[in-house]
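> Here you go, one structure.
Bear in mind these aren't lab numbers, they're just calculated from the coordinates by the rules spelled out. Keep in mind that what you see is a predicted model, and the values were worked out from it rather than measured. Here the Cβ positions follow ideal geometry from the backbone for every residue, glycine too, while neighbour counts run over all protein chains shown.
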Amino acid sequence: MRLPCPICGARDRREFTYRGAAVALERPDAEAGPEAWDDYVHNRDNPAGVTRDLWYHEQGCAAWIVVTRNTATHEVLGSILASEARRAGSAS
Amino acid sequence: MVDLKPKTPCAGLVPLRVGPLSLLEDAPGHMTAIAPYLGQDAALSEALKAAHGMAAPGVGRMSGTRGARALWFGQRMILLIGPAPDAGLVKFAALSDQSDGWAVLRLEGQGAGDVLARMTPLDLRPTQFKRGHTARSDCAHMPASITRLGEDAFQIMVFRSMAATLVHELKIAMGRVVALQ
């Protein structure tokens, strides 16, 4: 499996560390209430299809990236820097 | 007063010669990590050029010449190798001294690429990884910086604490590659 790092290009999976769903980029406001925090901390979708995950290019350039991939076909659809994903507010 | 002798990271481990391959240590005077402040990349590059004679390298590239090199070293990070950093650089970037922190090895000779291919998942084909190209990657499960210096010459850097492990792994791989030649 190769993942496309936005900085380094296509690299072997073993250079990356998996974090989990990219929902981690959407931290709720401190006053958001228990339901929003419950979703943020505990509740995850388990999609059979396109999903967005956070990966850390630990053995490479040290960037956090959001990788879009398809869990049903194993197709890797693309990636962007986590900092950009957060700025774009599209980390859902 | 005890007089301590400086010891390079690979002292006593290299040079190693196996067939046409050799593994040597480069012990540069200074190594400085340079992290440009946001929006200061162009100004830093100008300052580097004025002070040390080379522009900031692009992603995955090395600039400068032997003795004074600037190596792309990760996301928004450059490693200045050789000279002590000019004091003026602090206006544009955060500097941190890495001298003695990294082991710098040079693997040379026919089959050097085949040796590295046993250790790293990088695509090292000459069409993809040319002279002056550099990458941060995995080398025998250690975080490394790998740079092509020539057709059959590579620079491999790992943390100083991993120097002996890297030399050990390279020695085994060199023997296996030479055995097949």
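> Would you kindly work out the equivalent ellipsoid of chain B from its C-alpha gyration tensor and give its semi-axes, the square roots of five times the eigenvalues, largest first in whole Å?
Values: eigenvalues 169, 80, 33 Å².
Three semi-axes, in Å: 29, 20, 13.
> Continuing with this model, one more query. Given the C-alpha centroids of the stretch B:70-95 and the stretch B:130-170, what is the distance between them in whole angstrom?
Comparing the Cα centres of the stretch B:70-95 and the stretch B:130-170, I get a distance of 20 Å.
> Report for the stretch B:55-171 the percent antiparallel among DSSP-assigned beta bridges with both residues inside it, nearest 5.
Details: 28 of 28 bridges.
The answer is about 100 percent antiparallel.
> Still on this model: Over the protein assembly as shown, one equal point on each Cα, no solvent: what is log10 I(q)/I(0) by the Debye formula at q = 0.11 Å⁻¹?
Result of the Debye calculation: -0.73.
> Follow-up question, since we're still on this one. What order, most packed first, do the peptides B:138-150, A:34-46, B:42-54, B:88-100 have when packing is the mean number of other Cβ atoms within 10 Å of each residue? Intermediate results must be reported in sequence, preceding the final value.
Working: B:138-150: 19.7, A:34-46: 10.5, B:42-54: 17.0, B:88-100: 15.3.
So the order, starting with the most tightly packed, is B:138-150, B:42-54, B:88-100, A:34-46.
> In whole Hz, with x marking every Gly and Pro, tabulate ³J(HN,Hα) for the stretch B:92-104 from phi via Karplus 6.51 cos²θ - 1.76 cosθ + 1.60, θ = phi - 60°.
Going residue by residue, I get 10, 7, 8, 10, 9, 6, 10, 3, 6, x, 10, 8, 10 Hz, with x marking Gly and Pro.
> Hey, another quick one. For chain B, take the longest principal axis of its alpha carbons; what is the angle in degrees between that and the long axis of helix B:163-180, to the nearest 10 within 0 to 90?
50 degrees
> When only C-alpha pairs under 8 Å and at least 6 residues apart count, what is the relative contact order of chain B, in percent?
Numbers: 346 pairs, mean separation 44.5, N = 181.
Value for chain B: 25 percent.
> Would you mind checking which residues have amide H under 5 Å from residue B:140's amide H? H placed 1.01 Å from N; only 5 or more apart, or other chain.
B:120
> Moving on to the next point. Can you tell me the equivalent ellipsoid semi-axes for chain A? Use √(5λ) from the Cα gyration tensor, largest first, whole Å.
On the way: eigenvalues 118, 48, 23 Å².
The three semi-axes for chain A are 24, 15, 11 Å.
> What is the stretch B:1-55 by shape, rounded, prolate or oblate, if you read a ≥ b ≥ c off the alpha carbon gyration tensor as root eigenvalues and call it rounded for a/c under 1.5, prolate for a/b larger than b/c, and oblate otherwise?
On the way: a/c = 3.51, a/b = 1.75, b/c = 2.00.
Here the stretch B:1-55 falls in the oblate category.
> Test of understanding: extend the Cα→C-beta vector of residue B:172 to 7 Å, then name every residue of the stretch B:96-134 with backbone N under 12 Å from that spot.
Answer for the stretch B:96-134: B:119.
> Here's another thing I want to ask about it. Based on the alpha-carbon gyration tensor of the stretch B:30-97 and its eigenvalue square roots a ≥ b ≥ c, which shape applies: rounded if a/c is under 1.5, prolate if not and a/b is larger than b/c, or oblate? Each step should come with its number before you reach the end.
Numbers: a/c = 1.32, a/b = 1.15, b/c = 1.15.
Rounded.
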